[in-house]
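Readers should treat all values here as calculations from the given coordinates under stated rules, not as data from a laboratory. Remember, predicted model here, so these are calculated numbers, not experimental data. Every residue, glycine as well, gets a Cβ built from its backbone with ideal geometry; the counts of neighbours run over all protein chains shown.
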Amino acid sequence: MKTLDKMYKKAMHDIEKLRLEVDQIHHQLFELFRRRLILTRKIWEIKKHKGLPLVDLAREEKIIHQFDSMVVDKEEQKAVQSIFGVILKETKSYLEVKLK
């Protein structure tokens, strides 16, 4: 029984260490996303001032697929594409509200 208890405690310790690293990544993602919002807002302000189209669908497709060749696993590739799609969608939603 003590062996199982030790194995459980070690597993929980290992999990907690990994979760701390994941939490650090979440913080980095948060900071990067906020920076992205600032930069894309500046881009949209320039486009709006110059009368340019705010959305560039070709660029969005390029962004969504830019890492395809770097990811061998098809499920991971779909996940990466999905994340970038969500980033683009949420950025547009934010900018549409901010730049009315």
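With Cβ to Cβ distances under 15 Å as the rule, what net charge do the other residues near GLN66 carry (K, R +1; D, E -1)? Please list the in-between numbers first.
Values: positive: ARG36, ARG59, LYS62, LYS78; negative: ASP56, GLU60, GLU61, ASP68, GLU76.
My count for the surroundings of GLN66 gives -1.
Expressed in nm to one decimal, what extension gain is obtained for the pair ARG41 and VAL97 from 0.36 nm per residue of sequence separation less their Cα-Cα distance? Can you show the working numbers first?
Numbers: separation 56, 0.36 × 56 = 20.16 nm, distance 1.10 nm.
Difference between extended and current length: 19.1 nm.
Quick one: grab Rg to one decimal and Dmax as a whole number for the chain, Cα atoms only, in Å.
Calculated on Cα positions, Rg and Dmax stand at 20.2, 72 Å.
Run the dipole for the chain about the Cα centre, Lys and Arg Cβ at +1, Asp and Glu Cβ at -1, nothing else charged, and hand back the magnitude in debye, nearest 20. Please list the in-between numbers first.
Working: 22 positive and 16 negative charges, 101 e Å.
About 480 debye.
In nm, to one decimal, how far is the modelled label at MET7 from the one at GLU75, with both set 7 Å along Cα→Cβ?
Reported label-point gap for MET7 and GLU75 is 2.5 nm.
So, counting K/R as plus one and D/E as minus one, what does the shell of residues with Cβ under 14 Å around LYS2 add up to?
Working: positive: LYS6, LYS9, LYS10; negative: ASP5.
Taking every other residue near LYS2 into account, the sum is +2.
If one takes the longest principal axis of the Cα atoms in the chain, at what angle in degrees, from 0 to 90 and to the nearest 10, does the Cα axis of helix 2-50 lie?
So the helix axis and the longest Cα principal axis differ by about 10 degrees.
Pull up the cross-link candidates among the lysines for LYS47, meaning alpha carbon to alpha carbon under 22 Å and not fewer than 8 places away within one chain.
Those lysines meeting the cut-off are LYS62, LYS89, LYS92, LYS98, LYS100.
Using r as the Cβ-Cβ distance of PHE33 and ALA58, and R0 as 30 Å, what FRET efficiency do you calculate, to the nearest 0.05? Display every interim value, and only then the final one.
Numbers: r = 23 Å, r/R0 = 0.76.
FRET efficiency, PHE33 to ALA58: 0.85.
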